[in-house]
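Structure first, commentary second.
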Amino acid sequence: MIIDNLSVINLRKIKIFAESFCRNTNVITGKNGSGKTSILEAIFFISHAKSFRKKYSQALISNNQKELQIKIETDRSTVKGFYNKKRKVFYKNSEIIKKTSQLSEEILIVCMSPEEIDIIEEYNNEKQKYFDRIIFKIKKEHIKNIKDYKKLIVYRNTLLENKMETDPWDNKIMELGNKIWKIRKDFFKYFIKKYKEVEKKIEIKNRYEIKYISSVLEKQKYLIELRKKNKSNKTEVGPHKDKIKFFINGSEVKEHASQGEKKIFKYILKLTEAEILKKEKRTNPIVLIDDFFAKLDGENIMKIFSYFHCKFQTIITTTNTDNKILEKLKNKQTKIFTFND
Ligand SMILES: Nc1ncnc2c1ncn2[C@@H]1O[C@H](COP(=O)(O)OP(=O)(O)OP(=O)(O)O)[C@@H](O)[C@H]1O
Ligand SMILES: [Mg+2]
């Protein structure tokens with residue numbers, strides 16, 4: 001998939017932007033606050049109906065303006081989005097898009113930004129969500145399973161708190177729990193294998209490791225564990241207790257890795273996701289990288305760059321306008337946009 005043209009109106013400080021992108025690497029440079037990240041947000045918004053920044057989406061609409069408009073022309077379709085604080089409406093060609101999950105089918109992206117939730121620093125729950133969101137893209141039934149499971153756990157915990165019987169719900173929880181475990185187990189096996197391939201190709205010095213720790217239980221055992229009395233009055237077994245851990249040369253990434261090492265690890269995770277989407281969706285996702293050069297040394301920049309360049313259409317942002325590496329990139333089928341304040 002390739003984005004040919006992007007136009008936006010009333011996006012944060014940008015009144016109007018209309019440009020065409022090249023099919024390889026596009027670099028948006030400019031000073032702090034010139035609107036670089038906003039451009040990536042616009043593309044993300046058309047793919048996910050929200051921003052990747054942690055804050056709420058309303059700030060996307062320029063102050064004192066009524067409506068944000070975004071139009072993306074890809075090699076497959078034209079997708080438009082209109083957002084006026086109350087309503088978000090999306091169109092594929094001239095037809096309205098009814099489900100937001102359809103958006104990511106039209107604009108398939110992998111996005112990395114320092115402004116998203118930090119998967120290394122966050123609690124386990126966020127790690128689960130991070131990987132579940134990738135599974136959602138390739139296995140739609142997982143969305144419903146996770147939603148239903150969460151509701152059941154909330155319900156069950158309320159019953160436990162009120163010292164009421166949970167029996168009628170336990171079988172349903174167990175069934176769903178087993179489905180989720182199966183999907184996650186298969187997924188992590190696949191993801192870790194792909195991750196290792198990407199890591200090998202990039203030839204980075206450190207060895208990273210991803211561990212998915214779940215206590216998959218057979219039905220009978222599950223039921224016994226589920227019904228064990230516990231002090232917390234909460235459901236203590238099930239996929240919501242799965243753990244995901246990251247290691248660098250045998251030690252936990254969170255505690256041991258430097259800032260650059262953490263960033264490289266996150267990049268490899270994202271590039272793995274891109275490879276998986278490419279295979280499963282039979283089209284190349286577009287890769288968005290916000291603040292690409294920050295915290296990375298020249299050697300690592302070139303290693304990551306060489307991996308994605310000419311493989312995926314990529315849009316990267318950077319504040320480095322007179323960087324030597326940028327000079328090098330200029331000769332390599334890239335398109336450079338400079339944002340002036
Ligand atoms: N709703 C809004 N209306 C008008 N301006 C806004 C709005 N929301 C944010 N801004 C401003 O838009 C600008 C663009 O922010 P953006 O994050 O895109 O910049 P950037 O080029 O990525 O900067 P940096 O290099 O610091 O990451 C900022 O100056 C911000 O204050
Ligand atoms: Mg930015």
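The values are calculated or read from the model by the stated rules, or taken from the named source; none is laboratory data. This is a predicted model, so every value here is computed, not measured. Cβ placement follows ideal geometry from the backbone for every residue including glycine, while neighbour counts extend to all protein chains displayed.
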Inset, instruction - Filter the range 85-104 down to the residues that are within 26 Å of residue 279 (Cα to Cα) and surrounded by 18 or more Cβ atoms within 10 Å (Cβ to Cβ), then identify the one that is farthest from ligand 1 (Cβ to nearest atom). - result: 97
Inset, instruction - For the range 183-222, name all the residues that are more than 15 Å from residue 275 (Cβ to Cβ), touching a residue at least 24 places away in the same chain (Cβ under 8 Å) and of a type in the set (Lys, Arg). - result: 184, 185, 207, 211, 219
Inset, instruction - Being within 14 Å of ligand 1 (Cβ to nearest atom) and either among the charged types (D, E, K, R) or surrounded by 21 or more Cβ atoms within 10 Å (Cβ to Cβ) (or both) is the filter here, so list the residues in the range 294-317 that pass it. - result: 295, 315, 316, 317
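What number of residues within the range 105-114 satisfy the criterion of being within 16 Å of ligand 2 (Cβ to nearest atom) and either crowded, with 16+ Cβ neighbours inside 10 Å or modelled with pLDDT under 90 (or both)? Give the steps one after another, and end with the answer.
Of the range 105-114, the ones within 16 Å of ligand 2 (Cβ to nearest atom) are 111-114.
Going one step further and asking which of them are either crowded, with 16+ Cβ neighbours inside 10 Å or modelled with pLDDT under 90 (or both), we end up with 111-113.
Residues that pass the stated criteria total 3.
Consider the range 328-341. How many of its residues are surrounded by fewer than 17 Cβ atoms within 10 Å (Cβ to Cβ) and part of a helix (DSSP H, G or I)?
Step one: of the range 328-341, the residues surrounded by fewer than 17 Cβ atoms within 10 Å (Cβ to Cβ) are 328, 330-333, 335-338, 340-341.
From the residues that got through so far, the ones that are part of a helix (DSSP H, G or I) too are 328, 330.
Summing the residues that are surrounded by fewer than 17 Cβ atoms within 10 Å (Cβ to Cβ) and part of a helix (DSSP H, G or I) in the range 328-341 gives 2.
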Inset, instruction - Note down all Cβ pairs under 9 Å where the first residue falls in the range 109-130 and is of a type in the set (S, T, N, Q), the second is assigned to a loop (DSSP other than H, G, I, E, B) and within 16 Å of ligand 2 (Cβ to nearest atom), and they're at least six residues apart or on different chains. - result: 113/52; 113/53; 113/290; 113/291
Legend entry - Qualifying residue in the range 39-55 (condition: at pLDDT below 95, closer than 28 Å to residue 294 by Cβ and in a strand (DSSP E or B)): no
Legend entry - Failed condition for residue 127, given (1) more than 14 Å from ligand 1 (Cβ to nearest atom); (2) loosely packed, with under 15 Cβ neighbours inside 10 Å: (2)
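On the given criteria, is residue 49 in contact (Cβ under 8 Å) with a residue 12 or more places away in the chain, surrounded by fewer than 17 Cβ atoms within 10 Å (Cβ to Cβ) and among the hydrophobic types (A, V, I, L, M, F, W, C)? Give the derivation first.
Working: in contact (Cβ under 8 Å) with a residue 12 or more places away in the chain: yes; surrounded by fewer than 17 Cβ atoms within 10 Å (Cβ to Cβ): no; among the hydrophobic types (A, V, I, L, M, F, W, C): yes.
When the stated conditions are applied, residue 49 does not pass them.
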Legend entry - Odd one out for residue 260 among (1) over 16 Å from residue 118 (Cα atoms); (2) surrounded by fewer than 21 Cβ atoms within 10 Å (Cβ to Cβ): (1)
Inset, instruction - Specify which of the listed residues (40, 11) is in contact with a Ser or Thr (Cβ under 6 Å, 6 or more places away or on another chain) and within 16 Å of ligand 2 (Cβ to nearest atom). - result: 11
Legend entry - Subset of the range 130-179 that is among the acidic types (Asp, Glu) and farther than 15 Å from residue 237 by Cβ - its residue that is surrounded by the most Cβ atoms within 10 Å (Cβ to Cβ): 132
Legend entry - The listed residue being farther than 24 Å from residue 186 by Cα and free of Cβ contacts under 8 Å to residues at least 60 places away in the same chain, out of 254, 262, 229: 229
Inset, instruction - Please state which one of 47, 20 is more than 16 Å from ligand 2 (Cβ to nearest atom), in the same structural domain as residue 111 (by TED's automatic domain parsing) and under 23 Å from the mean Cα position of the chain (by Cα). - result: 47
Inset, instruction - List every residue pair whose Cβ atoms lie under 9 Å apart, where the two residues are 6 or more positions apart in sequence or sit on different chains, the first residue falls within the range 18-37 and is more than 20 Å from residue 53 (Cβ to Cβ), and the second residue, located anywhere, is within 7 Å of ligand 1 (Cβ to nearest atom) and among the hydroxyl-bearing types (Ser, Thr, Tyr). - result: 27/317; 29/317; 29/319
